[in-house]
Amino acid sequence: MSEQQSFDYYVHTPITETSDGVNDALNEISSNLQRATLSPAFPTYSVEPKRVYNGLTLYADGTNWDPGEGAGLYTYHSGSWRLLSSDEKAEQKYVAAGYGSIRQSVSTPITIDAGWTTIPFDTSVLAVPKNVEQNIANNSLRPLVEGIVVISAEFTLAHNESNQGRVLNVRGHNLDDNVSTGTIPYAVARNQPGSNVSLQVMATIDADRVGDSYVIQVQAGSGSFSGVSVEYANFLMYYISEDLS
């Protein structure tokens, strides 16, 4: 009688979306992976390894050994280290929101001549600005983080009429490094007792310009202006959001 062989076997039951607990388990795994920090998953190096090859990935401590962009996860490719991610850059994937505004609500005399005159402001518009300091003391707005900002202003000037046309120059200006955002000329027609002026420009706020004071200034481009007063003015600054990844 021939020996009879026996086999162990099992029936495979496909997992479906309705399987109890499966989706919850997968979601938990996904969440855990997303929360995982970079450094425990890869070896941390305080010196550059002697043997390198394309695809080698490791975590540099950024202090004793900095491959170029501080602490972070790097991969080696074609003779150089390339940053994949860092804790700081992960937190700053997007430009921080920022906004602030000041205004002048009382008629205030000013002088407009060949020199540049700063438009005065007397009131902080926002009770809680964000990443922009509203500095009434020197009529400025101060960006507090890096990024691209929009500088926007509108104001109404009263002045004596003139039988000739005139030009009024307007600019946004950085008081700390004495750099302007560019001069915009406004034509003032003859026999006009006032001017409504608006300005909107963009400026790059790099590390060197964080905290600098930006103001709005006017100048007589041609002709003369007398009996000038600021009847109303509003000045605002806000950041343009962008993906940094």
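Is it true that SER107 is touching an Asp or Glu at 6+ places or on another chain (Cβ under 7 Å) and modelled with pLDDT of 95 or more? Against the criterion (touching an Asp or Glu at 6+ places or on another chain (Cβ under 7 Å) and modelled with pLDDT of 95 or more), SER107 qualifies. Quick one: would you say TYR232 is in the same structural domain as ILE112 (by TED's automatic domain parsing), touching a residue at least 40 places away in the same chain (Cβ under 8 Å) and in contact with a Leu (Cβ under 9 Å, 6 or more places away or on another chain)? The answer is no for TYR232.
Any residue in the stretch 168-190 that is surrounded by 13 or more Cβ atoms within 10 Å (Cβ to Cβ) sitting within a Cβ distance under 6 Å of a residue that is of a type in the set (D, E, K, R) and assigned to a strand (DSSP E or B)? List the pairs, counting only those 6 or more apart or interchain. Correct list of pairs: SER180/ARG171; THR183/ARG171; VAL188/ARG166. The residue of the stretch 202-213 that is nearest to ASN135 (Cα to Cα), among those that are among the β-branched types (Val, Ile, Thr) and surrounded by fewer than 16 Cβ atoms within 10 Å (Cβ to Cβ), is VAL210. Considering each of SER198, SER213 in turn, give the residue that is in contact (Cβ under 8 Å) with a residue 12 or more places away in the chain, small (Gly, Ala, Ser) and touching a helix residue (DSSP H, G or I) at 6+ places or on another chain (Cβ under 8 Å). Matching residue, one of SER198, SER213: SER213.
Any residue at all in the stretch 52-59 that's surrounded by fewer than 17 Cβ atoms within 10 Å (Cβ to Cβ), within 23 Å of the chain's Cα centre (by Cα), farther than 30 Å from GLN217 by Cβ and outside the structural domain of ASN191 (by TED's automatic domain parsing)? No - not one qualifying residue is present in the stretch 52-59. What about ALA96, is it loosely packed, with under 15 Cβ neighbours inside 10 Å, in contact with a strand residue (DSSP E or B) (Cβ under 8 Å, 6 or more places away or on another chain), at pLDDT below 95 and aliphatic (A, V, I, L, M)? Taking the combined requirement at face value, the residue satisfies it. With a requirement of 3 or more residues that are touching a Phe, Trp or Tyr at 6+ places or on another chain (Cβ under 6 Å) and under 13 Å from PHE235 (Cα atoms), the strands (runs of 3 or more DSSP E) lying completely within the stretch 127-190 that satisfy it span 147-158. For the stretch 167-179, check the following and say yes or no: at least one residue is of a type outside the set (Asp, Glu), over 14 Å from LEU141 (Cα atoms) and more than 30 Å from the chain's Cα centre (by Cα). Yes, some residue in the stretch 167-179 is of a type outside the set (Asp, Glu), over 14 Å from LEU141 (Cα atoms) and more than 30 Å from the chain's Cα centre (by Cα).
The values are calculated or read from the model by the stated rules, or taken from the named source; none is laboratory data. These numbers come from a predicted model, not from an experiment. When we count neighbours, we look across all protein chains shown, and the Cβ atoms used for this are built from the backbone with ideal geometry, even at glycine.
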